Amino acid sequence: MKEIRVGIIGTGIIAHQHMKMYQEIPGVTVAAACDIRADVLEKFCDEYNIKDRYADYRELLKRDDLDSVDVCLHNNLHAPIAIEVMESGKHCYCEKPMAGAWIDAKAMADAAKYFGKKLHIQLSFLYGGQALAARDIIAGGHLGKIYHARSCGFRRRGRPYVDGYGEKEFDSKYWAGGGALFDMGVYRISQILYLMGLPKLERVSGQIYQELDMDPGRREISGFNVEEFGAGFAKFENNITMDIVESWAVNLGNLGDSVICGDKGGLTLSPVAFYSNIADMDMDAVFDIGGAEYRHHQLDPKYEHMDNSQKHWIYALRGEVEQIDTPQIALDTLLLSEGIYLSGRLGREVTADEIMAMSQSMAIKRQETPFGELKYKYPGGLFQ
């Protein structure tokens, strides 16, 4: 088994989740970590016994003993830092969303090809029992022709920071690019697009909202200027449609479930349930995922690479499995999400070509970044 050595840039909340995943994978060593907050960095490294600690990520990137660097920063830092990771000769694992704007995510994908490095985006809803069950049901043709889907996410009161947890930067367009759609909607939208086979987006309409009251002190501190609720409708090639609703906060008990509809059957994802018609009678079925998961793990030693995003990444780095094209899935997810924002601003439906043409970089770069001035050799000059 090839040892995989990892460095982490950013040691906040999400980095702890990544570390717990890495600790479960044999042959993985997190050898270095970086954060500009000395107290946070020391506490993190002490907890996970990481010896080498850096305040400047560029010093971490000078190392030649790292296979992968994990970018656990706020959304609008993803593109500039991830590109520099790959320019330094290392593969890059990056938190979701891919970036705070489609054009920045496109630059990341292009950079991966230009520098010849692997890039992987953390899209956790592509893995695990529910996603794999849905994937296999669809691949078996049980839904038939897919014509509509719904991406639905619900929190009644779960806005980061202003509702009591998380960091204030989640509420800032400057740092995050967006709110509920970028924070949690990315998981469900990417899952649905992946299960449908990434149909080509044609047009989007939608609107975002920030309507509910919040603690005035935390509003002022965070500068809350992102959406707590987003809704949209997308049309893809071959007349496939999708409605999207994502809530950080809403005055309802629930919003329902994500679904995929086909001419032979329909599917809900939580729980995984199948709906069809047999002998002119409606039929509903809930699947026993646990039993199937046990058998698959026992019979296929490599099946665990789909347990979670980190395991899949490590297996792919070792060349044992073909990597899921998470950059493309994340790009398609951003294109749709940014289309909802753009449609809301313009007050009309927008095409995919318009979204790409009007996408504006949100990347924090040069003197604006707390890491100091950044210089790039990236072709096309996006970050020059």
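What the table shows:
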| read-out | value |
| --- | --- |
| Residue within the stretch 268-282 that is free of Cβ contacts under 8 Å to residues at least 12 places away in the same chain and crowded, with 18+ Cβ neighbours inside 10 Å present | yes |
| The stretch 296-331, subset acidic (Asp, Glu) and not in a helix (DSSP H, G or I), residue farthest from the chain's Cα centre (by Cα) | Asp300 |
| Identity of the residue in the stretch 137-183, in a strand (DSSP E or B) and of a type in the set (Ser, Thr, Tyr), that ends up nearest to Gly217 (Cα to Cα) | Ser151 |
| Looking only at the stretch 132-179, and only at residues there that are open to solvent by less than 60 Å² (accessible area, probe 1.4 Å) and within 15 Å of the chain's Cα centre (by Cα), the one that is nearest to Asn251 (Cα to Cα) | Gly153 |
| Count - residues of the stretch 186-221 that are closer than 30 Å to Pro327 by Cα and of a type outside the set (Val, Ile, Thr) | 20 |
| Condition met for Leu132 (within 16 Å of Val272 (Cα to Cα) and part of a helix (DSSP H, G or I)) | yes |
| Residue in the stretch 233-250 that is more than 29 Å from Thr351 (Cβ to Cβ) and without any contact (Cβ under 8 Å) to a residue 60 or more places away in the chain present | no |
| Residue that is farthest from Thr11 (Cα to Cα) [pool: residues in the stretch 30-43 that are of a type outside the set (Val, Ile, Thr) and touching a strand residue (DSSP E or B) at 6+ places or on another chain (Cβ under 6 Å)] | Ala31 |
| In the stretch 180-214, residue least open to solvent (accessible area, probe 1.4 Å) [restricted to those that are of a type in the set (S, T, N, Q) and more than 13 Å from the chain's Cα centre (by Cα)] | Ser205 |
| Subset of the stretch 1-17 [closer than 17 Å to His91 by Cα and touching a strand residue (DSSP E or B) at 6+ places or on another chain (Cβ under 6 Å)] | Ile4, Arg5, Val6, Gly7, Ile8, Ile9 |
| Matching option when the condition is more than 24 Å from the chain's Cα centre (by Cα) and either more than 24 Å from Gly319 (Cα to Cα) or at pLDDT 95 or above (or both), among Gly10, Gly27 | Gly27 |
| Selection status of Ala139, small (Gly, Ala, Ser), free of Cβ contacts under 8 Å to residues at least 24 places away in the same chain, out of contact with any Pro (no Cβ under 9 Å at 6 or more places or on another chain) and farther than 30 Å from Ala285 by Cβ | no |
| Tyr54 vs. criteria in contact with a strand residue (DSSP E or B) (Cβ under 6 Å, 6 or more places away or on another chain), of a type in the set (Phe, Trp, Tyr) and open to solvent by less than 10 Å² (accessible area, probe 1.4 Å) | no |
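The values are calculated or read from the model by the stated rules, or taken from the named source; none is laboratory data. This is a predicted model, so every value here is computed, not measured. For neighbour counting, all protein chains shown are included, and Cβ atoms are generated from backbone atoms with ideal geometry for every residue, glycine included. Just so you know, the surface numbers come from the protein's heavy atoms only, side chains and all, with ligands and any DNA or RNA stripped out. Shrake-Rupley method; radii C 1.70, N 1.55, O 1.52, S 1.80 Å.
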